[in-house]
Each structure stands twice: as C-alpha cells, then as structure tokens.
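The values are calculated or read from the model by the stated rules, or taken from the named source; none is laboratory data. In this text, all values refer to a predicted model and were calculated from it rather than measured experimentally. As a convention, Cβ positions derive from the backbone with ideal geometry for all residues, glycine included, and neighbour counts pool all protein chains shown. Side chains are part of the model used for accessible areas, which takes the heavy atoms of the whole protein and leaves out ligands, DNA and RNA. Shrake-Rupley method; radii C 1.70, N 1.55, O 1.52, S 1.80 Å.
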Amino acid sequence: EFLRWGRLAPDRWMGAAQMVFLYGEDTEDRIYQNSQGLAETGRRGYTRLRLKKNTEGMVINAFHYDSLGNLVADHKGVTTYGYVSDSQGRFKRILRFNQRGMRIADRWGVWEETRDYNPQGFLERITYLDEQGFTMLNNQGVAGFFFGYDDRGLRIQEAVFGLDGGPTDNIWGLHLIERSFDQKGRVLKESFFDQQDNPVANPRGVTVVS
C-alpha cells in the first residue's frame, strides 16, 4: 500500500495506490489497484505484471496485462521482457518482445540492454544494443549509463557514454547527475552537468533539485 497523509494515494512512479501479490508455482503476479481496490492502469501502461521464473526461482520473463487479461504494451512499447541472469540472479541481458513473441525495439530504439556489476554487486553499467547485438545510440543520443556509489551503496552518480564508451552528452546536453544524501539515506541534492562540468538543466528545465 502507498500512503500519503495516512491515506491510500497513487504512488508517484507506478500510479497505483496499492498492489496485490499472487503466487503460482513458477509465477508472481502484481496487480495494481486504486484506493478503492479496483484495477488501476498504472503509469507504465498495464494493470497486471506477471513474472515468470525458472526452476531456480530466477525471473526469466515479465508479461504485461490489462484488466481483462489481454497482453498489452508498457510505456516503452514492450509487451514482454526476456531476462538472462548470472549465477546470483542479477539481470545480465534484457530483451524486448511484442505480443507475438517477436523481438522488437522499444520506443527508445533499443533492442536489448546488457548490465554489468561492480565487485560489491551494484549495477555499474547499462549498454544498449541493436538488433544485431552491436552497441547503439538510443533516441536520447546515448549508448548507455555508468553508475557510481558511496560507501553505503547509495547511487551518487549517473553518467552517460557514447558509442566509443567515452563520455558524451545526451540530446539535452546532460552528461552527469550527482546526488548527495543525509545520514538516513534520503536525497538532499541532485545536480546536473555537461561533459565540461558546467551546470545544465535537465529535461524539465531544472539545474539543481534540493
């Protein structure tokens, strides 16, 4: 349940006030509802998320359904995601599929993404691939993201890179996001910079959030 001032209210990311979890032998369903307990189509475009797991309990697919049980595309235009995990269950490859089970590109133009992790197990790099498996630029002009963390494992940096793996700016001129946190792990400040460390505005026109 998501509460605001003690009452059920839509979550800012999902757009639902509560989620109901249902478990099958090899599935996990997450049903999004409003504050009255009725089916709610969240901000990602679906009412029910079904996770399919293998015999080791690792997620291998995610399916999106509407309130009538029909497969639907999410906010990225993807009906189903396919996951390839490492031995610890962390996603190493994420593929996109349509309703017919055919591989597709999402609305960012990405066919597949790969993920790499640092020695502490935190996500360190996301790389976007085209249909042939080559590094590509998405429709924001970047080939992927680097992530940096502090000693507590809090993500303090997000930077974009280009086809050559080097620093670049996205189509809004943004290269780096930096965050600072308080002792309880709450974000205190978020700042945006280009490659030359000049302050720049994010897509919403904001240079610093605090």
Inset, instruction - Of all residues in region 42-56, count the ones that are out of contact with any His (no Cβ under 6 Å at 6 or more places or on another chain), open to solvent by 20 Å² or more (accessible area, probe 1.4 Å) and farther than 18 Å from GLY24 by Cα. - result: 1
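Are any residues in region 36-59 of a type in the set (A, V, I, L, M) and at pLDDT 85 or above, and if so, which ones?
Once the filter is applied, which keeps residues that are of a type in the set (A, V, I, L, M) and at pLDDT 85 or above, region 36-59 yields LEU49, LEU51, MET58, VAL59.
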Legend entry - Filter result for LEU188 (among the hydrophobic types (A, V, I, L, M, F, W, C), over 25 Å from TYR117 (Cβ atoms) and open to solvent by 40 Å² or more (accessible area, probe 1.4 Å)): yes
Inset, instruction - Select from region 27-44 the residues that are in contact with a strand residue (DSSP E or B) (Cβ under 9 Å, 6 or more places away or on another chain), part of a loop (DSSP other than H, G, I, E, B) and charged (D, E, K, R) and list them in ascending order. - result: GLU40, ARG44
Inset, instruction - Taking GLY153 as meeting all but one of (1) under 19 Å from the mean Cα position of the chain (by Cα); (2) on the phi < 0 side of the Ramachandran plot, write down the number of the exception. - result: (2)
Legend entry - Extreme residue, farthest from THR127 (Cα to Cα), among residues of region 181-198 that are without any contact (Cβ under 8 Å) to a residue 24 or more places away in the chain and not in a loop (DSSP other than H, G, I, E, B): LEU188
Inset, instruction - Please find, within region 25-35, the residue that is farthest from VAL72 (Cα to Cα) out of those that are modelled with pLDDT of 80 or more and open to solvent by 40 Å² or more (accessible area, probe 1.4 Å). - result: GLU25
Legend entry - Index of the failed condition, ILE171 passing every other in (1) at negative phi; (2) under 18 Å from the mean Cα position of the chain (by Cα): (2)
Inset, instruction - Kindly indicate whether any position in region 46-62 is out of contact with any Phe, Trp or Tyr (no Cβ under 7 Å at 6 or more places or on another chain), in a loop (DSSP other than H, G, I, E, B) and β-branched (Val, Ile, Thr). - result: yes
Legend entry - Matching option when the condition is more than 28 Å from VAL72 (Cβ to Cβ) and small (Gly, Ala, Ser), among GLY173, GLY101, GLY133: GLY173
